[in-house]
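Worksheet for the structure shown next.
The values are calculated or read from the model by the stated rules, or taken from the named source; none is laboratory data. It should be emphasised that the depicted structure is a prediction, and the values quoted were computed from it without experimental measurement. As a convention, Cβ positions derive from the backbone with ideal geometry for all residues, glycine included, and neighbour counts pool all protein chains shown.
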Amino acid sequence: MTTLKAPPPNAAAPVPAAVQGLPGVADAAGSAIGATERGWQAEVSEIEHPLAHSRYQSPLRYAGAKSSLSPVLARVLLAAKQSREVRSIRLLVEPFAGGASASLRLVGDGVVDRILLADADPLVAAFWQVAAADSGRLIDRMRGEWSRYVSHGGSRAVARWDHWRSWTPPRHMVAKERRLSSAVRCLFLNRTTFSGILHGRAGPIGGRSQQTPYDIGCRWNPDAVEERIAFIGYLYGTGRLVDVWCKDWRATLDDVPELYPQLLPSNVVAYLDPPYIDKSALLYRISFDPAGGYRARASAADSADLHLQLASYLRRKAQFRWLLSYDAHESLTTSRALYRATRMNPSRIDQLQLGVRRWTISKRLVATRYSAGGRTGKRAAEELLLTTLPASSIPTDDGLRPIAPPGERDHAADNADRTSFSGSSPNA
Ligand SMILES: C[S@@+](CC[C@H](N)C(=O)[O-])C[C@H]1O[C@@H](n2cnc3c(N)ncnc32)[C@H](O)[C@@H]1O
């Protein structure tokens with residue numbers, strides 16, 4: 001059992017341990033699409049693409065994907081843009097991008113001008129980097145995989161699944177080809193594996209015998225996948241997708257102010273969707289579980305410190321506004337080491353040197369339906385939204401229910417501070 005206690009200020013960012021020791025994975029992606037991070041482009045073109053306003057735009061199926069939360073995020077961001085403090089959101093940064101469903105929808109609908117995606121999982125980052133900058137070749141490879149293997153189904157398709165599951169790049173493969181093949185590997189496994197999970201014990205859809213009505217190719221519609229990959233290339237080409245980084249969340253949040261200082265503090269917003277507290281190590285290759293996402297049983301206790309580090313950073317160090325979604329675990333808003341505080345509390349030095357503000361932290365509960373790798377399809381859930389967007393602009397209604405002030409929950413807080421994340425969520 002891990003007791004919740006505040007981490008030391010400025011605690012070092014976690015190095016995603018799951019990357020180490022995975023042959024051919026760690027160097028699948030570069031830290032950015034180009035040799036260096038892409039600079040700021042003042043001009044962006046109008047978005048005129050058939051997928052721009054569509055409900056689903058991501059080529060990846062992702063456990064915990066936030067498509068159903070996107071309209072709520074849009075409401076919150078649009079309301080913030082009515083405030084004197086924000087007015088426009090020129091860049092939305094998503095440090096835990098995964099399937100990036102929320103970012104794609106928000107930029108497609110014009111809620112934000114541009115997006116920047118980042119993920120610590122090199123396979124996921126390689127996918128987005130190639131989809132952005134080399135979409136034509138990725139589409140060709142996707143169609144080749146479909147026509148030569150997946151469309152045939154049966155043992156031929158399952159043998160190809162085994163191939164990609166164990167694939168490592170040949171030693172002398174040049175970096176660009178390694179990245180392309182890693183992107184194909186990510187897409188293939190995502191489209192053909194149960195729940196889109198890229199690791200662990202999840203097997204091919206339809207099982208190895210393929211004796212079910214839903215076979216390995218049932219989630220692979222080549223025309224739809226092609227259109228979605230082309231949309232990513234379009235966003236990159238028009239400057240709407242600024243870059244794709246393969247970085248730990250903390251490096252992403254530290255590097256944005258360095259690279260785009262002209263956006264501080266209020267024209268850039270981070271949308272953070274970290275791995276769930278209860279299930280993350282089962283769902284993602286890189287989870288907050290320091291042992292990586294490979295263990296058959298998730299150890300929520302092991303990951304607790306890393307959730308605390310994120311909270312400490314967001315409460316004390318974030319130089320721009322943020323919007324955070326979490327599974328509604330009670331301790332998140334009752335523990336002082338997490339998000340019980342109603343305001344950010346930066347050090348005097350960070351206030352003076354980095355301009356970190358004391359923004360109010362607003363909290364809302366959102367009823368949603370999500371699929372997180374369960375067998376029962378989508379189920380009702382509650383999501384917690386926390387944000388430093390201007391407090392007076394955040395809507396409060398049945399769709400965005402306020403959380404009772406901390407004073408009314410002192411008893412719960414005391415208990416939460418004594419217990420661990422390993423208890424199940426009240427909403428699970
Ligand atoms: C909950 S998922 C994000 C899902 C996404 N919002 C969507 O709609 O598909 C969390 C993501 O965080 C990534 N991740 C885990 N630990 C990370 C870390 N330390 N830094 C950056 N990304 C991390 C995982 O690889 C995973 O893709």
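Overview of results
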| item | result |
| --- | --- |
| The lone exception for P274 - which of (1) out of contact with any Gly (no Cβ under 7 Å at 6 or more places or on another chain); (2) more than 16 Å from the ligand (Cβ to nearest atom) it fails | (2) |
| One residue from A230, A175, A224, A159 being modelled with pLDDT of 95 or more and either touching an Asp or Glu at 6+ places or on another chain (Cβ under 9 Å) or closer than 20 Å to L117 by Cα (or both) | A230 |
| Residue, nearest to the ligand (Cβ to nearest atom), within the range 62-75, restricted to residues that are in contact (Cβ under 8 Å) with a residue 60 or more places away in the chain and farther than 28 Å from C246 by Cβ | V72 |
| Subset of the range 114-152 (residues that are modelled with pLDDT of 95 or more and touching a Ser or Thr at 6+ places or on another chain (Cβ under 7 Å)) | I115, L117, A118, A126, V150 |
| Test: P59 is within 14 Å of the ligand (Cβ to nearest atom) and touching a strand residue (DSSP E or B) at 6+ places or on another chain (Cβ under 7 Å) | no |
| All positions within the range 218-229 that are touching a residue at least 60 places away in the same chain (Cβ under 8 Å) and out of contact with any Lys or Arg (no Cβ under 8 Å at 6 or more places or on another chain) | E227, R228, I229 |
| Residues within the range 204-252 that are of a type in the set (S, T, N, Q) and within 16 Å of the ligand (Cβ to nearest atom), tallied | 1 |
| Residue match in the range 77-89 (condition: within 16 Å of the ligand (Cβ to nearest atom), at pLDDT 95 or above and surrounded by fewer than 24 Cβ atoms within 10 Å (Cβ to Cβ)) | yes |
| Condition check for R160: charged (D, E, K, R), surrounded by fewer than 14 Cβ atoms within 10 Å (Cβ to Cβ) and either more than 16 Å from the ligand (Cβ to nearest atom) or part of a helix (DSSP H, G or I) (or both) | no |
| Single match in V124, V76 (criterion: more than 13 Å from the chain's Cα centre (by Cα) and aliphatic (A, V, I, L, M)) | V76 |
| Subset of the range 93-123 [in a helix (DSSP H, G or I) and near the ligand (Cβ under 10 Å from one of its atoms)] | S101, A102, S103, L104, R105, P122, L123 |
| Subset tally (residues that are in a loop (DSSP other than H, G, I, E, B) and modelled with pLDDT of 95 or more) for the range 62-76 | 0 |
| Filter result for R316 (crowded, with 20+ Cβ neighbours inside 10 Å, at pLDDT 55 or above and more than 13 Å from the ligand (Cβ to nearest atom)) | no |
| Top-ranked residue of the range 194-227 - restricted to ones that are assigned to a helix (DSSP H, G or I) and not hydroxyl-bearing (S, T, Y), ranked as surrounded by the fewest Cβ atoms within 10 Å (Cβ to Cβ) | D223 |
| Among (1) out of contact with any Phe, Trp or Tyr (no Cβ under 9 Å at 6 or more places or on another chain); (2) away from the ligand (no atom under 11 Å from the Cβ) - the single one A131 does not satisfy | (1) |
